[in-house]
Amino acid sequence: MLDLPRLEREGSLQFQGEIPADAPLWDGTDLRLTGPLKVAGTARVAGSGEILVDARIEGEIRQECRRCLAEVLTPVELSPMMVFGEPDAESGEDGEVRPLGLTATELDLREAVREEVILAVDPFVVCDPDCKGLCPQCGIDRNKETCECELEEPDSRWDALRALKSE
């Protein structure tokens, strides 16, 4: 939380904090943090009355490889510049300026940090670019074992579509 009256008096503020991995903020997302998410940065008042927040977000997320389902630890290292103020007709409401109530005395950055992390995390990670994945027949991890499964011939009804794909 940033104290807005203090920010107005001083012009800029340094901040740092943590968002716990089990915070309700992460409910409804598929993000599984391995520990707290560290947030630090500087907030300052712009000449236009907007609040500019230059943040540094660090943490680690536990994900599954999209091919073999092995656990992948993904580092989160973001440096977003967030703008808070009252969206007007000129700036529009396209998400560039995050809303700030006229009577607000504190600025809660948690929701903005949540949004930045969700948008930055790749939902389709692989453990290794050469990951062989799971066998579609028997389900073994082809990175660790080989199987004797024979893959079926593709359905000939899809040949016309395959031809378009190769063009």
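Taking each residue of region 147-159 that is under 19 Å from Lys132 (Cα atoms) and looking for partners that are modelled with pLDDT of 85 or more with beta-carbon atoms closer than 7 Å, six or more apart or interchain, yields Cys147/Cys135; Cys147/Cys138; Cys147/Ile140; Cys149/Cys135; Cys149/Gln137; Cys149/Cys138. Of all residues in region 121-152, those being in a loop (DSSP other than H, G, I, E, B) and under 30 Å from Val76 (Cα atoms) number 16.
Right, Leu100: touching a helix residue (DSSP H, G or I) at 6+ places or on another chain (Cβ under 9 Å), at pLDDT below 85 and surrounded by 10 or more Cβ atoms within 10 Å (Cβ to Cβ) or not? When the stated conditions are applied, Leu100 passes them.
Put simply, of Arg32, Arg66, Arg56, Arg62 the only residue that is charged (D, E, K, R), more than 16 Å from the chain's Cα centre (by Cα) and either at pLDDT 95 or above or within 26 Å of Pro123 (Cβ to Cβ) (or both) is Arg66. Checked against the criterion of being farther than 23 Å from Leu37 by Cβ and at pLDDT below 95, the candidates Glu106, Glu111, Glu90, Glu115 yield just one match: Glu90. Residues of region 153-167 that are assigned to a loop (DSSP other than H, G, I, E, B) and not acidic (Asp, Glu): Pro154 alone. Counting the residues of region 1-37 that are touching a helix residue (DSSP H, G or I) at 6+ places or on another chain (Cβ under 8 Å) and either farther than 13 Å from Arg110 by Cα or surrounded by fewer than 12 Cβ atoms within 10 Å (Cβ to Cβ) (or both) gives 4.
The values are calculated or read from the model by the stated rules, or taken from the named source; none is laboratory data. This one's a predicted model, so the numbers in the text were calculated from it and none came from an experiment. As a convention, Cβ positions derive from the backbone with ideal geometry for all residues, glycine included, and neighbour counts pool all protein chains shown.
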